[in-house]
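Where a number appears in this text, it was derived from the coordinates with a stated rule and is not lab data. Quantities reported herein were computed from a predicted structural model and do not represent experimental measurements. We place every Cβ from the backbone using ideal geometry, glycine too, and count neighbours over all the protein chains shown.
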């Protein structure tokens, strides 16, 4: 496959200087394209398939579904290309790499410097962190990409860091002094702004193509035809089109839980005295020990299981936890679960296929991980190098869905991010729906307390 990629580069991209993203060690080619049907695309990112698997979350899923999501529009079939041109909208590649470096250093107040020494604030945030992020910027009227001669960045949240960065730039003389004199002034902003390209403006060509994958030149039947008309839609409407990869799976789980009388939904009704009474299903019961004979030893007093109920309903994600492993009231563990299961309703259990192995952080407390608005951003890296963006609306990581054919045994690594918000990535996965059952029998593992017990804000949900 790499030989085919090299052949494609020699045939179409030999005159295009590449850009480089140091965050993920990926080389790619921003260019303009004329297709065999005579149409032209002005902003196209070319990236070989091996690199794309490291750069675009859930690439295979996106291609197989003909889906165009968020900030990667995978829409250009390499076999449909007639000519590749240098793009007049492209920022010089050396400035792109420098901007990426500033991004990685958390210098989030970034300025483009034009030939006329005008500073321009780069208003591109971490939510727009896809491949080719800085290659096709929208510049102020009257400026072209080749008018930009430098880029600088500063940490204006830390006065100490800012002072050191300004001193460094003054020493290197790579920024006009008049700009350095005003950067550290409170609330100073340049009048000229630089914005990111809209998602529907930038197309992606993954080469070589894969047999059996339906790739289109520029049409998108799901949204009414020609993708070149996507700019008629505003950004808010575009974002509303996005759905998680595992939305259908979660919808099916919710339907199963709703159609059985043996579980109780997580619905709390506040009494007149301001308290939330415990539903009957929360009360711990004894469960036949034979049910767990093939499950091994409970980890921290809990089993992550697939449950078969006595009406033959199957719940693929469930936590069976011993009451003694709970530090405090039993309702503390139900903050994020969908439903409660009474032990008397369980017919059989088996290992859960979606539970994250402990070696990858299945019992890790994520208190120290930055979570934007309660969401923990995670990247799952597979053994074959492909990546998947995941977000969990909880501080704890237990279950995960992956697009077919991947399973949890294919996960090589889980990366926990600070302020890199992967929930804006294409092909994003949200936390799978799960249920909880509290039991009385047996003695829980004494290694540590159950990770479920850290949740203390149930009644303020």
Self-check item: Cα gyration tensor, the stretch 104-171 - rounded (a/c under 1.5), prolate or oblate
Solution: oblate
Exercise. Quote the FRET efficiency, to the nearest 0.05, computed for residue 105 versus residue 416 with a Förster distance R0 of 22 Å and r equal to the Cβ-Cβ distance.
Key: 0.65
Quiz item: Can you give me the Cα centroid spacing of the stretch 163-192 and the stretch 1-49 in angstrom?
Solution: 36
Exercise. Using a Förster distance of 56 angstrom, determine the FRET efficiency expected from the C-beta separation of residue 39 and residue 308, and round it to 0.05.
Key: 0.55
Quiz item: Out of the DSSP beta bridges found with both residues in the stretch 93-195, what percent are antiparallel (nearest 5)?
Solution: 70
Exercise. Any chance you could run the full-extension gain for residue 289 through residue 182? It's 0.36 nm times the residue separation minus the Cα-Cα distance, nm to one decimal.
Key: 31.4 nm
